[in-house]
Amino acid sequence: MLWPVTPSDHRALSRPAQCATSSGLGSVPVAAALGALTLSQLMIVAVVQGAASVLHDAAAISLLPSLVDRSLIQRSNSRVGALFAIAATAGSHLGTALPAVLGPARALLGDITSFLISAGCTACIQAREPARARPKARRLREEISEGLRYVHGDEQLRTLTLVNATTFFALGLLNTLWALYLLRSLAVSATAFGVVLGLGALGAAAGALTAPALARRWGPGPMMLTALAITPLTQIPLLLASPGLHWEVAVGAALFLQLACASAAGTTQRSIRQIITTVRMRARMQAVSTWLTAGARPVAPLLAGGLGTWIGVRPTLTAGTFLLLVPLVVLARSPLRALRHMPDPPPLPGTGAVPVPSPHALRTGSPAVPTPARTDGDRPDRSPGGDAT
């Protein structure tokens, strides 16, 4: 929500967030070694890590369009999404092994190392930009209000942000209980459960990688609409399942398809939002989306836990499945449902002219290495957001 508009500004936000997370996590094994670890410290570290993650995510996603040509934004988002899916699964499996080897507190050293490596990689990002004078300082409340007004005032941004937030909320509710349902109600073994998780990660990676090709063939709007329509249907095998190998296979296949659809729609809508947003407002636009999706993180599990206790796990999963219809309806009622091509960038400030595509966009073949983005005056820009989940 702050003022960041240049690559250096985004790096300036991202690095402190990563370092703050590393410092907070680093205090845990130190306190454990001294016998002074308390629940209060763990809660403070969790709050710091959560806040830093939101700040880092908003800055990192907003930075990508400044590093690649506009013609490569969708492809770049798809590859980043695939890497995130693979890294999340590998990290989960590693996270189950490290505590057994090092102990719960010392296992956080792996997390600390990963954040420090990330901060180092961020510091190595190079992007040439002309020096620009910053605008006069304004109150944080004004910056936040401007970002909210900007997103709300643009029908496409408003629709895509709402689609992203409601999808994230529904999946957050379902993800809170589906593991419990598999392990307790369906008596799935630990090995089978790990295989199902792996299939889900493969689905997310496959969806991200195939999203650009699917969008080119069918159009971004119809592709996202189809993906959102399929997502609720993937919950049916889980709701109908009973203990047995054939149902485990069906649930694994359904999870693969669910995360493939969610990832394909997520990377596409993120790219659309980035393309249609001006450079100056891109960070605040992404901050609005990140704020909405991050705000769902504590609410969705609380609602899932309350409903699960009140009406039962399976009825709650059924309710979550119906919640997945909300983003479908939102997109279906929007003109975006018929979007056949990626949109044009916004007009250049003060000219009303649409930026001229770079040589990359005019080539039929794919450039081997993306060139750094040019200055605001001669370059189109863009990218979408979705947290996903």
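When R284, R270, R297, R314 are checked against the criterion of being more than 19 Å from V80 (Cβ to Cβ), of a type in the set (K, R) and either crowded, with 20+ Cβ neighbours inside 10 Å or in contact with a strand residue (DSSP E or B) (Cβ under 7 Å, 6 or more places away or on another chain) (or both), a single residue qualifies: R284. No other residue among R70, R79, R75 is modelled with pLDDT under 75 and of a type in the set (K, R) apart from R70.
Among the residues of segment 328-337, some residue qualifies, meaning at least one is within 22 Å of G81 (Cα to Cα) and under 19 Å from the mean Cα position of the chain (by Cα).
Within the option set A187, A206, A201, being under 18 Å from V251 (Cα atoms), touching a Pro at 6+ places or on another chain (Cβ under 8 Å), of a type outside the set (D, E) and in contact (Cβ under 8 Å) with a residue 40 or more places away in the chain holds for one residue only, A187.
Note on segment 270-284: residues that are modelled with pLDDT of 85 or more and in contact with a Lys or Arg (Cβ under 9 Å, 6 or more places away or on another chain) total 7.
Based on this model, can you work out whether R284 counts as in a helix (DSSP H, G or I), among the charged types (D, E, K, R) and within 23 Å of the chain's Cα centre (by Cα)? Yes, satisfied. Scanning segment 237-251 for residues that are in contact (Cβ under 8 Å) with a residue 60 or more places away in the chain and not charged (D, E, K, R) yields a count of 4.
Count of segment 60-87 residues, restricted to those that are over 12 Å from the mean Cα position of the chain (by Cα), of a type in the set (G, A, S) and either more than 23 Å from M342 (Cα to Cα) or surrounded by fewer than 17 Cβ atoms within 10 Å (Cβ to Cβ) (or both), is 1.
The condition of being touching a Pro at 6+ places or on another chain (Cβ under 7 Å) and of a type in the set (S, T, N, Q) holds for only one of T316, T268, that being T268.
What are the pairs, 6+ residues apart or on separate chains, where a residue within segment 145-158 that is within 14 Å of R280 (Cα to Cα) and of a type in the set (V, I, T) has its Cβ under 8 Å from a residue that is at pLDDT 90 or above and part of a helix (DSSP H, G or I)? Partner pairs satisfying both residue conditions: V151/L157; V151/R158; V151/T161. Just one of (1) over 25 Å from I61 (Cβ atoms); (2) modelled with pLDDT under 90; (3) not basic (K, R) fails for A250. It is (2). In the set F322, F256, only one residue is surrounded by fewer than 17 Cβ atoms within 10 Å (Cβ to Cβ) and not charged (D, E, K, R); that residue is F322.
The values are calculated or read from the model by the stated rules, or taken from the named source; none is laboratory data. Keep in mind that this is a model prediction, so the values were computed, not measured. Note: ideal-geometry Cβ built from the backbone for every residue, glycine included; neighbour counts use all protein chains shown.
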